[in-house]
Amino acid sequence: MKSYMKIACATAILIFFSASNLYPYSGPFDGRNFKGRIAFSSDGNYNDEDDWGAFPVAIAMLDSFGVADKLVHVDYSNILAKNDPRFYREMGKSVLGSADRYNIPRSILFDCQKDLDGAIDSIKNAINASSADNRLYYVLAGPMEVPFRGIEKSDPDKRKYVYCISHSGWNDGYTRNDQDLHNHNKRDVIPSGINWIQCKDGNRNLAHSGGVGQRSTPEQWSLYLWLRDSSDSRLNWIFTRLEAEKRCDISDSTMTYFLLTGDDDADLAKLRSLLDDKKVPAPMDPRKHARIEAENFRTLDNYAVEHRNDRRASHRLSVRLASIAAGRIRTPFNQPYTADSGCYDVEVRYFDEEDGRCRFGLYVNGVQKGPAWYASKDSEQWTTHTIEDVVINGGDEIMVAVQGNAGEYGKLDYVQLNYRSSQSDASSSPSSAFSASGPLDDPDALPGQVIVAGPKPGYLKYNGGGPVFICGPDNPETFLWEGTLNADGTRSGGKQEAMINRMAAAGLNGFHFQMFRMQRCNFKNEGDDKHAPFIDHDPAKGLDEDVLKQWDGWLGLLEDKGIIVHLEFYNDATDVEMMGWTLDTNGNLHRHERRWIEGIVNKFKHHKNIMWGIEESVNKLPPSRTPHFKKIAELIAQTDNHNHPIVQSFVVPIDMEGDFPVGGARADVYADDENIDVVTWLHVVPHGEDYEKQHQEYLQFYENDSHNFIMLKNETYHHPRGGEQCRRYMWSCAMTGTHTLEAYIGADRASDDTLADVGRINTFMEQTEFYKMNPRDDLAAGSTNWVLANPGDCYIAYTYDYSDSMGIRSMVAGTYDLMWFDTLDGDVVKQSDVSVSWGDVTWSKPASMSSEVALYIKRQDSSS
């Protein structure tokens with residue numbers, strides 16, 4: 001029988017906590033109480049001096065959080081194969097000196113060079129004392145030998161309550177140097193039933209030297225002088241331990257910070273705030289990203305760890321098929337500081353080799369999530385595939401199943417869960433898109449409802465959630481009237497549900513249709529007198545409840561699929577004054593019109609996916625009608641206590657059909673109307689394949705109106721209906737910061753490829769901070785065509801004709817994260833920690849991507 005264990009450590013932390021339902025936090029520390037026990041395991045006696053400083057800092061963290069009394073075990077100097085007397089002596093000073101200064105009882109300290117058996121028995125006893133209410137978190141900062149021996153002697157039934165925390169491949173037993181120090185690696189303990197948690201490598205933020213044996217520079221020492229100069233004499237002493245190291249390296253302490261906060265991105269600013277300023281940070285609830293390295297999955301079926309020191313792979317490790325056949329990796333989702341039940345966008349990072357087409361699939365509890373995908377671009381690069389809106393509960397089994405092909409071995413790097421909302425929030429709304437993941441922006445609006453946020457003109461967002469960028473078809477505007485008219489006024493056979501499902505499958509989040517299209521009051525004689533929701537189609541008889549009930553079902557399905565509806569009251573060229581609905585002498589609406597507007601708003605305002613539209617192309621009517629439309633907007637706002645956005649629609653002055661009247665109104669006549677949030681334009685002039693001119697055409701409307709309103713476009717005259725030209729038109733509009741619906745793209749007739757092209761726009765934009773940006777095409781560098789920018793903070797660059805490079809002019813120096821997006825197929829490549837100097841900067845796109853690329857650039861250290 002194989003013995004699953006391995007342990008040689010530099011600094012390991014064991015922690016036991018009670019997962020009481022009385023506390024909402026899923027981590028061991030809830031901001032007041034630590035639920036469980038803690039144990040450290042450190043080396044420091046050979047090879048690397050870093051634990052001489054990291055151990056005291058970790059102990060100081062426990063003290064600052066008020067949880068030092070939870071420490072029940074410390075083993076140290078645990079490199080067993082070799083021992084350097086000087087290293088051993090200095091590590092003893094750090095451990096015993098910390099114990100004396102922070103009141104740690106010496107009875108829990110185990111020097112592995114003197115009492116190895118005692119250390120192993122202490123680990124075993126800590127594990128065996130574990131239960132569902134008393135879990136063990138074992139944080140490993142060195143080789144695996146001593147932890148391995150302790151886990152090996154423990155009760156197998158107790159190991160499921162053990163959480164091993166690490167941050168380094170060296171600690172995990174994977175190194176090209178010093179291999180003689182490692183008899184075991186983490187794969188010897190993971191299959192035994194423990195849970196493995198991998199932090200970010202602390203060397204990024206907490207090691208300021210050139211590495212082992214290399215001294216820090218004066219500039220690097222200056223970053224740590226706050227320890228020397230603190231009024232806390234214990235911190236002064238910790239500084240002397242760094243002097244003993246002769247370098248500034250406390251990298252292993254990043255795991256202790258994670259243990260107490262859920263934040264695995266500890267840096268010196270955070271540590272100074274905690275240790276010197278005594279400001280205890282609130283724990284993450286939950287953390288936004290949980291990455292599970294592929295090699296840390298509990299079960300590898302026909303998979304083996306590949307250790308090639310690949311710097312492109314997370315922690316330089318990955319897994320690959322042991323033979324070109326079917327394989328899978330499986331693990332329970334047991335991560336601290338994550339939601340008990342959450343909705344996630346799940347990233348699977350895999351290597352696209354040039355030798356074949358491996359097939360990949362994501363499964364939760366054996367159920368496939370999203371369609372399977374293929375490594376088909378032969379790019380010889382790591383690639384990320386994202387499956388959106390996946391509900392995962394604590395304890396669920398996550399599996400990636402792979403079918404090898406030809407010479408391709410299905411290499412996997414990691415699975416990352418990006419938190420969107422708790423499932424309890426999501427279940428309160430039919431769609432996870434319309435759910436709140438944080439505090440509500442508008443307490444009167446429904447959680448997750450589309451709202452207007454921020455100072456005027458504001459931007460669209462989900463209440464308590466993320467930003468909204470609307471993109472989708474504008475037609476059929478007769479959506480509610482499709483199919484055969486039934487005796488009760490409802491419709492059958494109109495394929496409304498099929499259209500909704502097509503849009504959802506394409507990832508679209510926006511749609512438009514109308515509720516009133518009566519010919520009797522249309523001055524262009526358009527429409528149909530049966531296209532209104534009145535009893536017997538008679539406006540004087542009031543609303544037909546059978547019809548409204550059917551509409552309510554369709555609106556509910558649209559909400560369930562994450563689709564926002566620009567729900568418009570009146571068709572274009574409708575003049576209800578032709579049938580007597582005029583304002584009275586006091587400027588009030590006709591009682592029948594008031595009844596219809598109020599009735600519709602009251603019936604449907606419980607939906608989270610509605611933006612009220614007043615009339616399509618309102619300025620086809622004379623400007624004298626403006627008070628009438630403002631009164632409608634006022635009534636909608638008064639009736640809708642949930643504050644859904646209100647839209648007013650305009651035809652462009654240069655209208656190809658000649659519908660813009662002499663002296664016709666423009667959007668600015670509503671600039672002082674507090675009820676109008678969004679304006680949209682129709683019949684925008686087309687410019688064939690001159691995409692630059694087309695972009696400028698859209699840009700003029702943004703520049704004219706965006707200071708007063710959120711911008712939307714509903715129709716470009718004779719917009720291309722599909723293909724390359726259609727896609728580029730849609731991006732040319734989106735890259736002005738304008739939400740983008742299109743009448744020439746119909747949910748009933750557009751091809752699946754066209755709908756998918758459109759859906760990719762909102763998919764990309766909602767992953768960015770577009771709402772902070774303005775059009776800045778003057779910043780385009782390289783082959784970038786158009787730019788949205790909040791200079792110094794974030795940018796979006798787009799090109800429809802990439803060549804050589806693309807980027808941004810006049811960038812502010814800093815560290816940035818990049819997200820490349822292929823507009824043809826939605827592939828995403830993310831690049832983190834990219835250093836940028838002042839000035840013009842360009843980058844080469846990933847080789848796997850097409851020549852139509854969007855690039856999101858976000859500065860890490862911006863306070864903007």
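The values are calculated or read from the model by the stated rules, or taken from the named source; none is laboratory data. Since we're looking at a predicted model, the values are computed, not measured. In this analysis, Cβ positions are derived from the backbone assuming ideal geometry, glycine residues included, and neighbour counts consider all displayed protein chains. Just the protein is used for accessible areas: all its heavy atoms, side chains included, with ligands, DNA and RNA removed. Shrake-Rupley method; radii C 1.70, N 1.55, O 1.52, S 1.80 Å.
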The correct count of residues that are out of contact with any Lys or Arg (no Cβ under 8 Å at 6 or more places or on another chain), under 30 Å from Gly737 (Cα atoms) and of a type in the set (A, V, I, L, M) in the range 463-518 is 6
State whether one or more residues within the range 149-169 are of a type in the set (A, V, I, L, M, F, W, C), open to solvent by 10 Å² or more (accessible area, probe 1.4 Å) and at pLDDT below 95. no
Quick one: count up the residues across the range 600-625 that are touching a residue at least 24 places away in the same chain (Cβ under 8 Å), over 38 Å from the mean Cα position of the chain (by Cα) and surrounded by fewer than 17 Cβ atoms within 10 Å (Cβ to Cβ). 2
Every residue from the range 773-816 that is over 25 Å from the mean Cα position of the chain (by Cα) and among the aromatic types (Phe, Trp, Tyr): Tyr800, Tyr802
Open to solvent by 10 Å² or more (accessible area, probe 1.4 Å), touching a Pro at 6+ places or on another chain (Cβ under 9 Å) and assigned to a strand (DSSP E or B): which single residue out of Val391, Val452 fits that description? Val452
Among the residues that make up the range 778-795, is at least one of them among the hydroxyl-bearing types (Ser, Thr, Tyr) and open to solvent by 20 Å² or more (accessible area, probe 1.4 Å)? no
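Determine if the range 269-284 includes at least one residue that is touching a residue at least 40 places away in the same chain (Cβ under 8 Å) and within 24 Å of Tyr350 (Cβ to Cβ).
No, the range 269-284 contains no residue that is touching a residue at least 40 places away in the same chain (Cβ under 8 Å) and within 24 Å of Tyr350 (Cβ to Cβ).
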Wholly enclosed strands (runs of 3 or more DSSP E) of the range 278-326 bearing at least 1 residues open to solvent by 60 Å² or more (accessible area, probe 1.4 Å): 289-293, 318-321
Of all residues in the range 630-655 being free of Cβ contacts under 8 Å to residues at least 40 places away in the same chain, outside any strand (DSSP E or B) and under 16 Å from Phe569 (Cβ atoms), which is most open to solvent (accessible area, probe 1.4 Å)? Gln638
Please tell me if Asn78 is farther than 26 Å from Phe65 by Cα, open to solvent by less than 10 Å² (accessible area, probe 1.4 Å) and either in a loop (DSSP other than H, G, I, E, B) or hydroxyl-bearing (Ser, Thr, Tyr) (or both). yes
Taking the options His707, His687, His719, name whichever one is assigned to a loop (DSSP other than H, G, I, E, B), without any contact (Cβ under 8 Å) to a residue 40 or more places away in the chain and either open to solvent by 20 Å² or more (accessible area, probe 1.4 Å) or out of contact with any Phe, Trp or Tyr (no Cβ under 6 Å at 6 or more places or on another chain) (or both). His687
Residues being open to solvent by less than 60 Å² (accessible area, probe 1.4 Å) and either farther than 14 Å from Gly262 by Cα or not hydrophobic (A, V, I, L, M, F, W, C) (or both) - total across the range 195-214: 12
Looking for something small (Gly, Ala, Ser), open to solvent by 10 Å² or more (accessible area, probe 1.4 Å), outside any helix (DSSP H, G or I) and modelled with pLDDT under 95 - is there at least one such residue anywhere in the range 229-243? no
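Yes/no matrix, rows are residues, columns are (1) among the polar types (S, T, N, Q); (2) out of contact with any strand residue (DSSP E or B) (no Cβ under 6 Å at 6 or more places or on another chain); (3) touching a residue at least 60 places away in the same chain (Cβ under 8 Å):
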{"residue": "Glu769", "(1), (2), (3)": "no, no, yes"}
{"residue": "Gly782", "(1), (2), (3)": "no, no, yes"}
{"residue": "Leu788", "(1), (2), (3)": "no, no, no"}
{"residue": "Cys794", "(1), (2), (3)": "no, no, yes"}
{"residue": "Tyr798", "(1), (2), (3)": "no, no, yes"}
{"residue": "Asp801", "(1), (2), (3)": "no, yes, no"}
{"residue": "Met819", "(1), (2), (3)": "no, no, no"}
{"residue": "Val834", "(1), (2), (3)": "no, no, no"}
Restricted to the range 86-107 and to residues being assigned to a loop (DSSP other than H, G, I, E, B) and without any contact (Cβ under 8 Å) to a residue 60 or more places away in the chain, the residue surrounded by the fewest Cβ atoms within 10 Å (Cβ to Cβ) is Asn103
Lone qualifier among Asp538, Asp575, Asp546 - being farther than 21 Å from Ile636 by Cβ and touching a residue at least 40 places away in the same chain (Cβ under 8 Å): Asp546
Taking only pairs six or more apart or across chains, which ones have beta-carbon atoms under 7 Å, a first residue in the range 747-760 that is at negative phi, and a second residue that is in a helix (DSSP H, G or I) and basic (Lys, Arg)? Ala747/Arg502; Leu755/Arg502; Asp757/Arg727
Take the residues in the range 339-388 that are among the polar types (S, T, N, Q) and on the phi < 0 side of the Ramachandran plot; name whichever of them is most open to solvent (accessible area, probe 1.4 Å). Gln368
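Restricting attention to the range 659-684, report how many residues are assigned to a strand (DSSP E or B) and in contact with a Lys or Arg (Cβ under 9 Å, 6 or more places away or on another chain).
4
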Go through (1) in a loop (DSSP other than H, G, I, E, B); (2) open to solvent by less than 50 Å² (accessible area, probe 1.4 Å) for Phe110 and report which single condition fails. (1)
Checking Glu577 against (1) on the phi > 0 side of the Ramachandran plot; (2) surrounded by fewer than 17 Cβ atoms within 10 Å (Cβ to Cβ), only one condition comes out false. Which one? (1)
